[in-house]
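A.B. asks: Could you have a look at this structure, given as structure tokens, before my questions?
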Amino acid sequence: MTIDYAPTQQATDRAAAIDRLIEAEQARFAARHPKSAAAWARGREHYLYGGPSHWMRRWAGGFPIYAEAASGARIRDIDGHDYVDFCLGDTGGMCGHAPEPVTRAALHQLQRGTTMMLPTLDSLWVGEELTRRFGLPYWTLTTSATDANRGAIRIARMITGRDKVLVFSGCYHGGVEEAHVEIRNGKIGMRNMIHPNAVDHAAVSRVVEFNDVAALEQALKAGDVACVLTEPLMTNFGMIPVEPGFHDALRRLTRETGTLLVIDETHTISCGPGGYTALNGLEPDMLVAGKAIAGGIPAGIFGLSQAVAERMWQVVPHANPKLRQSAHLGIGGTLAGNALTVATMKAVLEEVLTEANYARMIALATRLAEEARALISGSRKPWHVTQIGARAEIMFTPKVPRSGADVIATRQGDLETLLHAFYMNEGILVTPFHTMFLMCPASTDEDVARHTEVFARFIELLDREGIAG
């Protein structure tokens, strides 16, 4: 029997209709942003992919806006347009733009020196506060969450003598090479269009689907996995919630197999002052965070349990007054833990990411999610909204995914692109890689109301074109 996998005429017509709408929105965007268009053309003359970071080319307008200034939850571009910012630098701006405590601390430290490769008294307070919030006793600072993840992986290999890192399909942990894999159509390959670079991922990585306890147990059975690197729930492939009992199984299986558990809270720090870990009583061997932790100043952190620290000290002693340098750990960098970063991190932890601010942020995310759900229900679109803490996401799928495979099977990338382009034209920014909305302490009820209004008009746009969703 021959099975015809060709798209139906209805699907072809629908795709063509969405493409027409995207083209119309991009034309509207280009007409509204002549200065940004000219700046982008100029940037392409000297930057490898147009901007200082190749990520910047991924905005749905066809080119990015060029920012003139940002304050609180607002951005103004060089063409004079103002935006409600729910992207917030893909979490790097979760404290809001230019929050006064961070600006004050940064300016004060800039006048006293930014980087001396020496500790400051602020670092003592920061270390104590990290332990209070997250529960782990020992910490190291880095320049990014990627570097923090790399440091955690290196330590896991050093003390276990194992080479492999287990990750979940669809994960994102920055530029960590071991995490650049996914399962697609039952086969393991490079994730999310990342190009191969001659690394033998079969030698360094193992990948299973999130929430799949049986697959996890099988993958850890051989005893060659140094650590499992995971978010508490997946946030960067569209949000994938954790199923009841999965964390208990994950912790039990890692302990039974002598595998270290590294939890990456870089996004899920939006759940509360101690992230998802503190909120749900998780017990990682190491914990990583970054992006928002220093108010947008490049920074990352990773913490170690008492047991992991003691195993590390057996490999590399932590105190030997007879030696100038006991060993190079192969992690960190000259700018790690610099005085400017430490000063702004102290301001963030002491004055910005507070219990009171989290309560406001979470309440706003809850309202945005509820109002979006009401519009979806009223329009009978086959979509859903997921929320965790101060983060919410509209997903153009009929039900909540339980794994990366579910997202791959149901994701509608063209519809996401259309929403992003439409939203930019209507003065709203959301994360360009998926449809995530994040609140900061400066976000307001008016911002949420604005989103509800624009989302309603997006639905009306689809209805006029006969696009059911």
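The values are calculated or read from the model by the stated rules, or taken from the named source; none is laboratory data. Computed from a predicted model, the values in this text were never measured in an experiment. Please note: Cβ atoms are built from the backbone with ideal geometry, for glycine as well, and neighbour counts cover all protein chains shown. Accessible surface is based on the protein model in full, side chains and every heavy atom, while ligands, DNA and RNA are left aside. Shrake-Rupley method; radii C 1.70, N 1.55, O 1.52, S 1.80 Å.
A.B. asks: Let me know the charge dipole size of the chain about its Cα centre in debye, to the nearest 20, where only the beta-carbon of Lys, Arg (+1) and Asp, Glu (-1) is charged. Don't skip to the answer; put the middle values down first.
C.D. replies: Values: 45 positive and 52 negative charges, 178 e Å.
Result for the chain is approximately 860 debye, rounded to the nearest 20.
A.B. asks: Rounded to a whole number, what % of the accessible area of region 17-145 do carbon and sulfur atoms account for, probe 1.4 Å? Before the final figure, lay out the partial values.
C.D. replies: Details: 4060 of 7100 Å².
Whole-percent figure for carbon plus sulfur exposure: 57.
A.B. asks: Can you tell me the length gained on complete extension of the stretch ALA67 to LYS187, counting 0.36 nm per residue apart and subtracting the Cα distance? Write down the numbers at each step before the final one.
C.D. replies: Values: separation 120, 0.36 × 120 = 43.20 nm, distance 4.11 nm.
Going from the current span to full extension adds 39.1 nm.
A.B. asks: Determine the calculated [θ] at 222 nm for the chain from helices alone, applying -39500 (n - 2.57) to every DSSP H run no shorter than 4 residues and normalising by the residue count; nearest 500 deg cm²/dmol. Present the calculation step by step, with values, prior to reporting the outcome.
C.D. replies: On the way: 15 runs with 188 residues, N = 469.
My calculation for the chain gives -12500 deg cm²/dmol from helical runs alone.
A.B. asks: Which of the GluC sites (Glu not before Pro) found in region 1-70 are in a DSSP loop and have at most 14 neighbouring Cβ atoms, other than their own, within 10 Å? List each step's numbers first, then the result.
C.D. replies: On the way: sites: GLU23, GLU25, GLU45, GLU68; in loops: GLU45.
Here the sparse-neighbourhood loop sites are GLU45.
A.B. asks: Counting other Cβ atoms within 10 Å, which trypsin sites (Lys or Arg not before Pro) in region 76-119 have at most 14 and lie in a DSSP loop?
C.D. replies: Values: sites: ARG76, ARG104, ARG112; in loops: ARG112.
Filter output for region 76-119: ARG112.
A.B. asks: What figure, in Å² to the nearest 10, do you get for the accessible area of LEU110 with a 1.4 Å probe and non-protein molecules left out?
C.D. replies: 90
A.B. asks: Modelling each spin label as a point 7 Å along the Cα-to-Cβ direction, I'd like the HIS318/GLN218 distance in nm, to one decimal.
C.D. replies: Spacing of the two 7 Å Cα→Cβ label points: 4.0 nm.
A.B. asks: Filter the trypsin sites (Lys or Arg not before Pro) in region 329-420 down to the DSSP loop ones having no more than 15 other Cβ atoms within 10 Å, then list what survives. Please list the in-between numbers first.
C.D. replies: Working: sites: LYS346, ARG360, ARG367, ARG373, ARG380, ARG391, LYS399, ARG402, ARG411; in loops: ARG380, LYS399, ARG402, ARG411.
Answer in residue order: ARG380, LYS399.
A.B. asks: Moving on. For region 146-293, compute Rh as the Kirkwood radius over C-alpha pairs and then the Stokes-Einstein diffusion coefficient at 20 °C and 1.002 mPa s; write the answer in µm²/s, rounded to an integer. Intermediate results must be reported in sequence, preceding the final value.
C.D. replies: Values: Rh = 15.3 Å.
Diffusion coefficient, whole number: 140 µm²/s.
A.B. asks: Sort the chain into rounded, prolate or oblate with this rule: let a ≥ b ≥ c be the square roots of the eigenvalues of the Cα gyration tensor; rounded if a/c is under 1.5, and if a/c is not under 1.5, prolate when a/b is larger than b/c, oblate otherwise. Provide the component values of the computation, followed by the final result.
C.D. replies: Numbers: a/c = 1.78, a/b = 1.29, b/c = 1.38.
Because a/c hits 1.5 or more and a/b fails to exceed b/c, the chain counts as oblate.
A.B. asks: Could you calculate the contour length gain from VAL204 to GLU350, that is, 0.36 nm times the residue separation minus the distance between their Cα atoms, to one decimal place in nm?
C.D. replies: Working: separation 146, 0.36 × 146 = 52.56 nm, distance 3.91 nm.
The VAL204-GLU350 span can extend by a further 48.7 nm.
A.B. asks: Here is a further query. Determine, from the Cβ-Cβ distance of ASP79 and GLU310 and an R0 of 60 Å, the FRET efficiency 1/(1 + (r/R0)^6), rounded to the nearest 0.05.
C.D. replies: On the way: r = 57 Å, r/R0 = 0.95.
With a Förster radius of 60 Å, E is 0.60.
A.B. asks: Right, something else. Compare the peptides 263-276, 444-457, 238-251, 219-232 by average per-residue count of other Cβ atoms within 10 angstrom and give them in order, highest first.
C.D. replies: Values: 263-276: 24.7, 444-457: 16.5, 238-251: 18.1, 219-232: 20.9.
The densest-packed peptide leads the list: 263-276, 219-232, 238-251, 444-457.
A.B. asks: Please turn the phi angles of region 129-139 into ³J(HN,Hα) values with the Karplus equation 6.51 cos²θ - 1.76 cosθ + 1.60 (θ = phi - 60°), one per residue in order, whole Hz, x for glycine and proline.
C.D. replies: Whole-Hz 3J(HN,Hα) from phi for region 129-139: 6, 4, 5, 4, 6, 9, x, 8, x, 10, 9.
A.B. asks: Further, regarding this structure: Along Cα→Cβ, 7 Å out, is where each label goes; now give me the distance between the ones at ARG58 and LYS35 in nm to one decimal.
C.D. replies: 2.7
A.B. asks: Still on this structure: Please calculate how many Å² of accessible area region 147-276 carries per residue, with a 1.4 Å probe and no DNA, RNA or ligand atoms counted. Let's see the in-between values first.
C.D. replies: Values: 4660 Å² over 130 residues.
Heavy-atom SASA per residue in region 147-276 reads 36 Å².
A.B. asks: Calculate log10 I(q)/I(0) of region 1-80 for q = 0.19, 0.25, 0.26 Å⁻¹, where I(q) comes from the Debye formula with a single equal point scatterer on each Cα and nothing for solvent.
C.D. replies: Once normalised to I(0) and log-transformed, intensities are -0.88, -1.18, -1.22.
A.B. asks: Give the long-range amide H neighbours of LYS164: residues separated by 5 or more places, or on another chain, with amide H under 5 Å away, using H modelled in the peptide plane at 1.01 Å from N.
C.D. replies: Answer set, sorted by chain and number: ALA226.
A.B. asks: Also, I was wondering about something else. Output the 0 to 90 degree angle, nearest 10, between the alpha-carbon long axis of helix 145-160 and the longest principal axis computed from the alpha carbons of the chain.
C.D. replies: Here the helix axis deviates by roughly 40 degrees.
A.B. asks: Follow-up question, since we're still on this one. On a 0 to 90 degree scale, rounded to 10, what angle separates helix 34-43 from the longest Cα axis of the chain?
C.D. replies: Once rounded, the angle reads 40 degrees.
A.B. asks: Step through the table entries LYS164/LYS291; LYS187/LYS291; LYS164/LYS187, compare each Cα-Cα distance with 20 Å, and write down the pairs that go over it.
C.D. replies: Among LYS164/LYS291; LYS187/LYS291; LYS164/LYS187, the Cα-Cα distance tops 20 Å for LYS164/LYS291; LYS187/LYS291.
A.B. asks: Per residue, how much accessible surface does region 368-422 expose to a 1.4 Å probe? Answer in Å², no decimals.
C.D. replies: It amounts to 37 Å² per residue over region 368-422.
A.B. asks: Of LYS187, LYS164, which has the most accessible area and how do the rest follow, probe 1.4 Å?
C.D. replies: Values: LYS187 150, LYS164 30 Å².
From most exposed to least exposed: LYS187, LYS164.
A.B. asks: How large, in percent, is the carbon and sulfur part of the accessible surface of region 154-267 at a probe radius of 1.4 Å? Mind dumping the intermediate values first?
C.D. replies: Numbers: 2320 of 4410 Å².
Here it works out to 53 percent.
A.B. asks: If one takes the longest principal axis of the Cα atoms in the chain, at what angle in degrees, from 0 to 90 and to the nearest 10, does the Cα axis of helix 100-110 lie?
C.D. replies: With rounding to tens, the tilt is 50 degrees.
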